[in-house]
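Notes for the one structure printed next.
No value in this document is a laboratory result; all are computed from the given coordinates. Quantities reported herein were computed from a predicted structural model and do not represent experimental measurements. Cβ atoms come from the backbone with ideal geometry, glycine included; neighbour counts cover every protein chain shown.
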Amino acid sequence: MNQPFSLFLSRVVASLLAMVLALSAIGLFLVWAARSVDQEDIRRQGEIAGYALREIRTNLSHNQESSTFWDEAVERTAVSGNDEWIDGNLGSWMHTFFGVDEAYVLDGQDQPIYSFADNQIKPAGFFEERRDLLRPYLQALRSKLATEEAPIAGSHEQSVGVSDYLYVAGQPAVLSVKPIVSDSGRLSQSISTIHIHVAIQYLEGDVIRRVGQAHVLQDLKFVPAGALDPDAASVTLTGDTSGATVPFEWVPYQPGRRLLASLLPILALVASTLMVGTLLISSASYRRKLDRIKNNEHIRYLASHDPLTGLPNRAAYEKAADELVDQFSLHQQSDPLAFLFMDLDRFKQVNDILGHQIGDAVLVEFARRTAGILPANAPVYRVGGDEFAALIPHRTKREVEQICSEIIDSLAEPMEIEGRRAFIGVSIGVSMAPHHGTDRPELNRKADVALYHAKLAGRRRFSIFGSQMDDAIQNRAAIEADLREALRTKIGLSVVYQPKFASDGDRVLGAEALVRWQHPGRGAISPVVFIPIAEEAGLIGDLGLWVLETACREAVAWPVDHLAVNVSPIQLRDPEFVEAVSAVLSRTGFPAERLELEMTETDFADSEEVGLQNIKSLNAKGIAIAIDDFGTGSSTFERLRDISFDRIKIDRSFVKNITESEGDAEIVRAMISMAHAKGLKTTAEGVETPEQRDVLRAFGCDELQGFLMGKPMPPTELSQIFKTSAALAV
């Protein structure tokens, strides 16, 4: 072998060896890089999977409080006969809305009063199959209640609870046990009377499938212990009390392995593709890095935003509020910082009647409208189901009031969604730093107090916190307690009657029953004060039926054509209202055709399905329906055309100026003419002068009512009116 050839061969061998070593080094590097990328990707997927699966447990406890932290739930579960309500709010509804698979309501001795499983109501004894499994959790919760343990800080939960991972009948599940307690604090509950709500959600099926789809975890599923696929990625949830281990696995994406498989054939064919391979690896690594950054951003987004509306959530609100308050205190700014708490009115009715899809669309539309009204530096936050908040810096009190008015006005007209009309309103509570403090929790509390005050004042309005509001809430609680006692004993409550005359002003045609309350310590309390409290406290049904029965019993022998009794919209929405009215008529012997039920124009026009059916049923029994305060609401004869009613009562605001204002006179004349054209009777309220009486008589009004003819009076005085009327008739 000559030297040139040897040199050539040595160079070829050296080159081949160098190439082999280079390719081997590159190959080893690529294998290492692919494994590293896969391991990092699997680690990140594990973090996402663990976060998403643990969120099911957190959400179950939080969602459970929408029905357990509620005065009405305490009252409804405390007495028997509310099975349908319990099922609709603590069982079937939670299954439909939150995906709860099993729900139980236990009394103060942990005895079942309601059981739900397999998508149906079960006999109460069905719970006994779960008692041994759930006993330690019930004992733990009772212990927390006994020691008055507070909810975990930062959990945003309103009441203590116990939750865990466990196996139920061999199925992996998450459990949450919550007490049914008062949200207002007005209900006194001893430990032995507190009811318990148990919710179980299985960690299989659609709930896990949705988690996998939402977080790109392919074939995410539960696997029994010891059956994990060694090629799959996995994460295990561990029960705090049960000690149960609940493993989940999914098919990892493994971008490194996929990339390596595509590159190896190229590297084996030609060394010249080394550079291309390097670029591809670099490019793929960069893309993966971008994916990881995107995933991190998505996780951070989910932690601080509401997925339905896209608005920042409660956590984001509290963080922003703390930062703004700190800046405010640090720089001692002179311009105030406003805290707005907004709560949608009638939202539960929208959900119940139109469905949750329409309800979700209402929330999104409200968020859109409100965001368009608030200043650019004041985002909207969704802090609860139908609760929103905003932080408005550098605005005067007058500017904040204008913003609140615009938000309320934006909901003046119903929302048109998918061909359905949703009537919704909003109440707003406001606190302002530094006038009401410079501490976020205190400012939140005062905004919440102002919101409560706005709702008590009639909803669809805003209130700015004042020191008197704290006193007003305490005063209202005292009045509510006294009214509850008055309803129990009937001491201090009475019914008075205001006569209703023919247009000649002499003949008595009817009487309107009006409730009065003479408080032993406060004196006479106006119905304007205690009727809204009765409605808010759930007492209006009992109060209304007592007034109806008292009036029917006293008026059964009176020489009048009809007896008018007012009806609350809450009574009208009660499915058992018609039956209750019929029972009163049966007990008192009062003829149905002489009874006239009055409801305000707005309540009548906005009646929901149950209310409309009740009106039709009352009509069928011969009971007359009158529209009170006609002309003051937003309805018209056209809006009321599909419902049968018998009389309109022209509001006193029109009658007051009928002799001075030609416009009011023409409005009243038109009302009477249109009513007569539709076969309706008319009553004018607030007649106080002979001149008003004469004008209404000339217009053809059928019936007059007012201080000119008679004020509200007890039955004994009304009897004298009957005698005088009878004498004039002779």
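Sort 302-310, 98-106, 69-77 for me by packing, meaning the mean count of neighbouring Cβ atoms within 10 Å per residue, highest on top.
For the peptides 302-310, 98-106, 69-77, the packing ranking is 98-106, 69-77, 302-310.
About the Cα centre of the range 51-223, how large is the charge dipole given +1 on each Lys and Arg Cβ and -1 on each Asp and Glu Cβ? Please answer in debye to the nearest 20.
Computed about the Cα centre, the dipole is about 400 debye.
Putting +1 on Lys and Arg Cβ atoms and -1 on Asp and Glu Cβ atoms, find which of Ser159, Gln111, Leu134 reaches farthest to the positive end of the dipole of the range 81-189.
Ser159
Need the C-alpha centroid separation for the range 656-730 versus the range 159-210, integer Å.
59 Å
222 nm [θ] for the chain, helices only, -39500 (n - 2.57) per DSSP H run of 4+, per residue, to 500?
Roughly -16000 deg cm²/dmol at 222 nm, from the helical runs in the chain.
Enter the angle in degrees (range 0 to 90, nearest 10) between the Cα long axis of helix 540-555 and the first principal axis of the Cα atoms of the chain, meaning the one along which they spread out most.
20 degrees
With just the Cα atoms of the range 477-723, tell me how far they stretch along each of the three principal axes, in Å, largest first.
Answer, in whole Å and largest first: 49, 40, 36 Å.
Which residue, Gly538, Ala624, Ser494, has the largest displacement toward the positive end of the dipole of the range 477-723 when charges sit on each Cβ (Lys, Arg +1; Asp, Glu -1)?
Sorting the options by dipole projection puts first Ser494.
Tell me the angle of helix 527-536 to the major Cα principal axis of the chain, expressed in degrees between 0 and 90 and rounded to the nearest ten.
Between helix and principal axis, roughly 40 degrees.
Give me the compactness ratio for the range 461-536, meaning the Cα radius of gyration over 2.2 N^0.38 Å. Mind showing how you got there, number by number?
Working: Rg = 17.0 Å, N = 76, 2.2 N^0.38 = 11.4 Å.
Working it through for the range 461-536, the quotient is 1.49.
Pairing the Cα long axis of helix 609-620 with the longest principal axis of the chain, what angle in degrees results, from 0 to 90 and rounded to the nearest 10?
Helix 609-620 and the main axis of the chain meet at about 30 degrees.
Give me the log10 of I(q) over I(0) for the chain at q = 0.05, 0.06, 0.09 Å⁻¹, as the Debye formula computes it from C-alpha points; what are the numbers?
-0.39, -0.52, -0.99
Above 13 Å lies some portion of the pair distances; for the range 409-465, what is it as a whole percent of all C-alpha pairs?
Beyond 13 Å sits 62 percent of the P(r) for the range 409-465.
Rounding to the nearest 20 debye, state how big the charge dipole of the chain is about its Cα centre with +1 on each Lys and Arg Cβ and -1 on each Asp and Glu Cβ. Walk me through the numbers before you get to the answer.
Numbers: 72 positive and 99 negative charges, 408 e Å.
For the chain, the charge dipole is close to 1960 debye.
Report the trypsin sites (Lys or Arg not before Pro) located in the range 663-730 that are in a DSSP loop and have at most 16 other Cβ atoms inside 10 Å of their Cβ, or state none.
Answer in residue order: Lys678.
In the range 669-730, which chymotrypsin sites (Phe, Trp or Tyr not before Pro) are in a loop and have at most 12 other Cβ atoms within 10 Å, using DSSP for the loop call?
Phe707
What are the residues whose amide H is under 5 Å from the amide H of Glu685, where those residues sit 5 or more places off or on another chain and H is modelled from the backbone?
Under 5 Å from the amide H of Glu685: Ile650, Arg652.
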